[in-house]
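The values are calculated or read from the model by the stated rules, or taken from the named source; none is laboratory data. All figures in this text were calculated on a predicted structure; none of them were measured in a lab. Quick reminder, even Gly has a Cβ in these numbers, built from the backbone with ideal geometry, and neighbours come from all protein chains shown. Side chains are part of the model used for accessible areas, which takes the heavy atoms of the whole protein and leaves out ligands, DNA and RNA. Shrake-Rupley method; radii C 1.70, N 1.55, O 1.52, S 1.80 Å.
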Amino acid sequence: MKTDLYPCIRILLLICLFLVSGTPHVSGNPLKIDQFISPETCGDCHGDIYHQWKQSMHNLSHHDPVYLGLSTFILTGLQDKNEIDEAESCVKCHTPVGNITGYPEKSSDDRKKIPEIATYGIQCDYCHSATGAKKPYNNGLVLSPGNGENDPGIKRGPFKNSESSFHDTAFSEFHTRSEICGTCHNVKHVAFNTDLETTYDEWKNGPYYSEDEGKIVLCQDCHMYQRPGIPATGSTKRPMNPGTAADDGPSREHIFTHYFVGANAFVPGQFGNAEKNKMAEERLKHAATLSIVSQDIHQGHFDIIILNNGAGHKLPTGLTDVRQMWLEVTVLDEKGSTLLSSGEPDKSGYLKDGTLIYNTIFGDGRGNPVPNISKAREILKDNRIPPRQSAKETYAITQKNWESLKIKARLLYRSAPQKILDTVLGDKTVKLPIIVMAETEKEIKRQKEKSDI
Ligand code: HEC
Ligand code: HEC
Ligand code: HEC
Ligand code: HEC
Ligand code: HEC
C-alpha cells in the first residue's frame, strides 16, 4: 500500500510546486510583459518626473551606444563558458523589464524581437513595482507589478498618505533606502565572483553611511535632490525640492527628482538632452578639490592633493575599469619654458603611457591585465579615492636654475578612453568630452634667504 501511495504523493508535490511557481514573483515562471505599464502612461499624470527621467541613463540603459558597443565587443571570440555567461548577462540590468519577462534572456538575443516597452530601460513601473531585493548585487529586485493599464496594481513609494484614481499606492520603506539602488549598483562577475562595480559597498563602508538616521546620507539624498543649478553633492547644500508629485497632487515639502545624473556628460546629449550633460558637469565640478603643497620646492619636489569631498563613494565609481579620472600637471619657469608636463592627451585624445589614472584594472588570475571584463578573475589595481579621503601625489623638478615657477594642476574626467570608443564604434568621429573637475595654480618665487621660505 505504502509503495503505491509514494508516486501519488510525488505527483501531488510536483503539482503543488508547479502551482507555487506559477504565481508571479516566484522564480521559475516569469512575469509577463503586458503586466508592465509604459512610462508614457505614468507621464500623463507625473509630467515633471517623467521629463526628468526621460533620457536619463536609466531610460537610455538599453539604447546607450557606449554600452551596446562594449557589450557586442566583449562577446567576440570568447571560448570559456564562464566568460561567455558573464558577457551574456548584461541585459539583466540594462534591459530589465525584458529580461524578467523572458526576453531577451541574454545579450546576444535578437534585439529586433525585444518588446518595445523593454527598450525604455530602467523605468517607472519597474522600480515602483519593487517590494525588496533578494541579494545586494546583480539586480536582485523582487517585483510585484499589476496587470497592465486596466488593473495597474500598487505603485510603491515614499508617501504614507498618497491617493491616486489610477493605481493603488503604498508606502515602501525599501524605496527610501540605498538598498534599492545598491542591488544594481554592485556588479559581480556571474562565474568568478570578482567585484566589477562596487558603488553601494563603497558608500556603505564610507562616512555617508551611519546607523544614526539623522546622519546618514543616502544615494537618494544626493542623486534625487539634484536639479539644474543644484548639483546636490557632499560639498554643496542639498536643499529640498517642494512641489507636487502628480500634476493635480497635493503640495509636498520634497519631491525626489528623477534626473539620475551621475558623471555621464556625453550619452544624454547624443539623444538630444544637453541639459543632462550639463548637470553631469555640475556634479563633477562639485566632487573634488585640488591643492598644491610646495614647502619642499627648493628641495626639488611638490605635492598635489586631491580631496574627494563631494562623492558618496569612491572617486570615480561604477564602471571604473573604463572611466578615466586623471591629473594634468604643468610647471613653467619665468621664461615660459616647460619644466614638467604630465597628463596631457595626445592629438588623438589618447592618454600617454604612464599617465596617473585613478581607476581599476582587472587581471586574468595570473597577474596579467585584461581589458575584457568577462575575463576578470582578480583585481590588480584600485587606486580610486574613498569618500572624504584624499590622495597625495609627489612631483619632482630636476632643474635647479629657475627664478620663479608657475605650477598648474587640473583634475580631469572622461567616461571612457577615446581609444576604446574608436575601437568599439569603429570610427573616429565621436569625441568624448573631457570635463575639468577641479583646477588650481600657484606661483612660487625663488627665495634668496633660507629663513624667508
Ligand atoms: C531607479 C528606480 C526608479 C525609477 C526608474 C523611477 N523611480 Fe520614482 N522613485 C524612486 C525612488 C527610490 C523614490 C523615492 C525616494 C525616497 O523616498 O528616498 C521615487 C519617488 C517617486 C514618486 C514620489 C514623489 C517623489 O518624486 O518624491 C513618484 C510619484 C514617482 N517616483 C514616480 C515615478 C515615475 C512616474 C517614473 C518614470 C517616469 C519613476 N518614478 C521612475 C525610484 C525610481
Ligand atoms: C491618472 C493619473 C496617474 C497616473 C496615470 C499614474 N499616477 Fe501615480 N499617482 C497619481 C497621483 C494623483 C498620486 C498621488 C500623489 C501624492 O500623493 O502626492 C500618485 C502617486 C504615485 C506614487 C507615490 C506612491 C506612494 O505611496 O508614495 C508613485 C510611486 C506613483 N504614483 C507611480 C506611478 C507609476 C509608476 C505610474 C505608471 C505606471 C503612475 N504612477 C501613473 C496619479 C497617477
Ligand atoms: C534595475 C537596476 C538599477 C536600479 C534599481 C538602479 N540603477 Fe542606477 N543605473 C543602472 C544602470 C544599468 C545604469 C547605467 C546605464 C548606462 O550607462 O548605460 C545606471 C545609471 C545610473 C546613474 C548615471 C550614471 C552616470 O554615469 O551618469 C545614476 C546617477 C544612477 N544610476 C543612480 C541610481 C540611484 C540613485 C538608484 C536608486 C534610487 C538607482 N540608480 C537604481 C541600473 C540601476
Ligand atoms: C554625498 C553625495 C553622494 C552620495 C551619497 C552618492 N553619490 Fe553618487 N555621485 C556623487 C557625485 C558628486 C558624483 C560625480 C563624481 C563621480 O563620478 O563619482 C557621483 C557619481 C555617481 C555615479 C556615476 C559614476 C561614474 O563615473 O560613472 C553613479 C552611478 C552614482 N554616483 C551612484 C550612486 C549610488 C548608487 C549611491 C548610493 C549607494 C550614490 N551614488 C551615493 C555624489 C553622491
Ligand atoms: C548588476 C547590474 C549590471 C549588469 C549585470 C551590467 N551592468 Fe553595465 N552598468 C550598471 C550600472 C549600475 C552602470 C552605471 C555605472 C557607471 O555609470 O559607472 C553601468 C554602466 C555601464 C556602461 C557605461 C555606459 C556609458 O555610457 O558610459 C557600460 C559600457 C556597461 N555598463 C556595460 C555593461 C556590459 C557590457 C555588461 C555585461 C557584461 C553590463 N554592463 C552588465 C549595471 C550593470
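Distance from the C-alpha centroid of region 116-170 to that of region 25-97: 15 Å, rounded to the whole angstrom. Once the C-beta distance of Lys204 and Ser38 is scaled by a Förster radius of 35 Å, the resulting FRET efficiency is 0.55 to the nearest 0.05. Here's the list of lysines a cross-link from Lys106 could span, going by alpha-carbon distance under 23 Å and ignoring same-chain residues fewer than 8 apart: Lys32, Lys81, Lys92, Lys134, Lys135, Lys188, Lys375. For the chain, the fraction of alpha-carbon pairs lying more than 38 Å apart is 32 percent, rounded to a whole number. Among residues other than His167 whose Cβ falls under 13 Å from its Cβ, what is the net charge (Lys/Arg +1, Asp/Glu -1)? That sum, taken over residues with Cβ under 13 Å, equals -4. Each peptide among 279-287, 79-87, 66-74, 48-56 gets the average number of other Cβ atoms lying within 10 Å of its residues, and from highest to lowest they stand as 279-287, 48-56, 66-74, 79-87.
In region 143-184, which chymotrypsin sites (Phe, Trp or Tyr not before Pro) fall in coil by DSSP and have 14 or fewer other Cβ atoms within 10 Å?
Of the chymotrypsin sites (Phe, Trp or Tyr not before Pro), the ones in loops of region 143-184 whose Cβ has at most 14 other Cβ atoms within 10 Å are Phe166.
A dipole drawn for region 287-452 from +1 and -1 charges on Cβ atoms has a positive end, and of Asn401, Ile435, Ile361 the residue lying farthest that way is Ile361. Which distance in Å, rounded to a whole number, links the C-alpha centroids of region 232-280 and region 358-396? After rounding, the separation between the Cα centres reads 31 Å.
The 1.4 Å probe gives accessible areas that order Cys184, Cys45, largest first, as Cys45, Cys184. Counting only Cβ charges, +1 for Lys and Arg and -1 for Asp and Glu, the dipole size of the chain around its Cα centre is about 920 debye. Of the solvent-accessible surface of the chain, computed with a 1.4 Å probe over protein heavy atoms with every protein chain present, carbon and sulfur atoms account for 54 percent. Beta bridges per DSSP, both residues in the chain: antiparallel share near 95 percent. Per residue, the solvent-accessible area of the chain (1.4 Å probe, heavy atoms of protein chains only, all protein chains present) comes to 52 Å². Shown for the chain are the DSSP H helices of 20 Å or more along their axis, judged by Cα atoms, with a mean Kyte-Doolittle hydropathy of at least -0.5: 2-22. Highest mean first, the peptides 132-140, 185-193 sorted by other C-beta atoms within 10 Å per residue fall in the order 185-193, 132-140.
Could you sort Met224, Met325, Met240 by their accessible area in this structure, using a 1.4 Å probe and putting the largest first?
From most accessible down to least: Met240, Met224, Met325.
Going highest first, how would you order 225-238, 361-374 by mean Cβ packing within 10 Å?
225-238, 361-374
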